[in-house]
1. What part of the accessible area of the chain, given as a whole %, is carbon or sulfur when the probe is 1.4 angstrom?
2. What residue among SER456, PHE469, GLY501 has its Cα farthest toward the positive end of the dipole of segment 436-553, where the charges are +1 on Lys, Arg and -1 on Asp, Glu, each on the Cβ?
3. Rounded to the nearest 10 Å², what accessible area does PHE123 have for a 1.4 Å probe in the complete protein model?
4. With a 1.4 Å probe and all protein chains kept in place, how do THR272, THR187 rank by accessible area, largest first?
5. Quick one: compute the contact order of the chain, relative version, from alpha carbon pairs under 8 angstrom and 6+ residues apart, as a percent.
6. Per residue of segment 341-350, what does 6.51 cos²θ - 1.76 cosθ + 1.60 with θ = phi - 60° give for ³J(HN,Hα)? Whole Hz please, x for Gly and Pro, Karplus curve as stated.
7. Can you sort SER408, SER373 by 1.4 Å-probe accessible area, starting with the largest?
8. In square angstrom, what is the accessible area per residue of the chain with a 1.4 angstrom probe?
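The values are calculated or read from the model by the stated rules, or taken from the named source; none is laboratory data. Owing to the predicted nature of the structure, the values given are computational and were not obtained by experimental measurement. Cβ sites come from the backbone with ideal geometry, for glycine too, and all protein chains shown count toward neighbours. Keep in mind that these areas ignore ligands, DNA and RNA; they rest on the heavy atoms of the full protein, side chains included. Shrake-Rupley method; radii C 1.70, N 1.55, O 1.52, S 1.80 Å.
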Amino acid sequence: MAIRQPVVSVLGHVDHGKTKLLDRIRGTSVQAREAGAITQHIGATEVPIEHIYKVCHQLIGAKKFNVPGLLFIDTPGHHSFITLRARGGSLADIAVLVIDIREGLMPQTIESIRILRQYKTPFVIALNKVDTIEGWISEEGRPFIISEKQQQAHTIEVFNEKLYTIIAQLSEQGIYADRYDRIDDFTKNVALVPISAKEGEGVPDLLLVLIGLAQRFLESQLEKGEGPGKGTILEIKEERGLGKTLDMILYSGTIKKGDTVALGTRGAPVVTKVKAILKPKPLDEIRDPRDRFDSVPVLHAAAGVKISCQNVEGVIAGAPMLVVKNEKDPAIKTLQEESTVKIETSENGISIKADAVGSLEALAFEAKANEISIRKYGVGEITRRDIVEAAYGDKKNCVLLGFNSELSKDAEAELANHPELKVITNQIVYKLIEDYLEWVDETKRQAEGDKRAEFSFPAKFKILPNCIFRASKPAIVGVRVLAGRIRPGENLIGPDGRDCGRIKSIHTGEDTLKEAKQGEEVAVGIDGVTAGRQINEEDIIYVDLIGSSIKPLKELDLNDDEKMAMEEVIAIKRKDEPFWGM
């Protein structure tokens with residue numbers, strides 16, 4: 001059975017060298033033509049097996065492989081490959097995670113690891129920029145295992161130090177990795193391939209590892225599927241002379257010029273005809289080709305192509321493409337089900353929005369893992385309607401999370417009418433969740449602060465020995481706060497329930513305080529008592545509570561000492577009123 005080339009997704013933190021690596025593999029300079037030398041769009045490049053033989057000849061000699069080559073996908077540094085879906089999972093058969101050996105794991109590296117594990121995508125790690133290690137002697141295109149032998153001892157010592165630091169960081173993420181040439185079982189360890197994308201060192205090792213793993217572990221899933229073409233839309237772009245075109249990965253089957261295709265949208269699929277199939281030349285890529293595309297009548301998987309159709313209205317990035325017989329083909333229903341985002345919702349939840357179907361699912365996945373309920377969700381920019389719908393409900397759920405989604409002008413204008421709505425955006429899924437959880441904690445702290453101000457809070461203090469400074473009007477005594485916090489205006493009771501006056505003021509030295517917290521020693525002015533009569537040295541005094549405050553107090557995040565003080569006050573009160581505070 002003939003096999004297709006595996007789809008290889010290249011991902012990692014911004015500026016760690018993903019596009020530079022692909023430029024080295026294909027001999028191009030796409031990166032130099034990108035705005036700010038940072039990848040702005042998704043691209044795809046076909047690398048034929050003959051080119052791999054040429055690059056890897058020092059390592060493999062005359063050895064041959066069944067795999068016909070590799071199809072690389074380059075994703076922007078700010079964009080996870082979660083957009084690239086196939087059959088409800090990852091489009092990629094295998095991935096390359098690029099890590100800068102100097103910087104180690106960064107936020108988008110961790111994001112990438114989480115997504116790779118979520119989709120169960122096998123991957124290898126390209127440990128880039130080894131040429132920046134002090135004293136490293138580079139030679140263009142040389143395999144790493146040859147290059148290593150040419151380095152001086154102190155250089156290898158520095159290299160090993162950085163290598164083992166990254167291995168330790170990966171271990172913290174639950175990833176067990178080692179240098180590829182030291183691994184016996186690739187099913188248990190992730191291969192680390194040290195490279196220099198700039199000099200090309202280690203690139204032969206990386207290509208060989210990818211081809212070897214694909215042939216050994218992925219051959220069954222790479223069997224060329226005959227029949228209707230299936231693909232994933234990467235981007236929708238306007239092309240001069242063609243109108244709107246679709247950059248797409250064909251991962252299964254065949255597509256021909258004139259075929260009827262169904263394209264995923266937010267609703268019912270668009271059924272249209274293929275006007276043209278434009279394929280970049282080998283080692284070129286669909287995002288920014290050096291040469292003109294070849295117009296081809298027929299295309300077999302796997303390939304990265306640009307297609308022109310009669311109608312692409314409403315088609316979204318990340319949506320599926322399927323060749324169908326006609327508009328009544330039963331497969332269209334299957335495609336619509338695949339396009340439909342299946343996210344569990346709750347009446348009491350927040351709103352989420354993402355730039356593509358896969359991104360939305362990844363955000364929902366992380367939300368569920370953090371026990372965050374979702375009420376509304378959608379794909380695309382944040383609209384005025386999103387703002388209005390998200391602003392509905394209690395404060396806790398009056399939140400909209402946006403992954404890679406910008407606010408439309410109408411949405412920005414509408415947001416001004418809803419100061420109660422919290423909109424949080426980020427280009428890293430797990431950071432977006434972290435930002436939301438931090439906001440929840442801060443909101444909770446503020447709410448508790450408001451409630452503490454609303455009614456007296458559980459607290460108790462001890463009158464210190466030899467610290468009665470004035471007997472009355474008001475009595476001034478030195479105290480240590482044993483639990484909670486005390487404030488002026490609070491009524492006090494003793495362990496036997498007797499009235500112990502009211503706090504008039506709190507001082508430390510010459511400063512007047514608004515409150516005193518657990519562990520602090522302060523001078524307290526108490527109205528309505530005389531020291532030596534109602535209160536004495538060594539007495540334990542409690543802040544008096546009202547019965548209606550007990551239930552809301554129990555819902556707050558009290559520490560153990562505050563809980564104990566509250567229970568002691570309840571016990572004191574129930575001596576006279578058995579059902580007090582219930």
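1. Of all accessible area on the chain, carbon and sulfur atoms account for 47 percent.
2. GLY501
3. 30 Å²
4. THR187, THR272
5. It rounds to 10 percent for the chain.
6. 7, 9, 10, 5, 10, 9, 4, 9, x, 9
7. Of SER408, SER373, the descending order of accessible area is SER373, SER408.
8. Value returned for the chain: 46 Å² of accessible area per residue.
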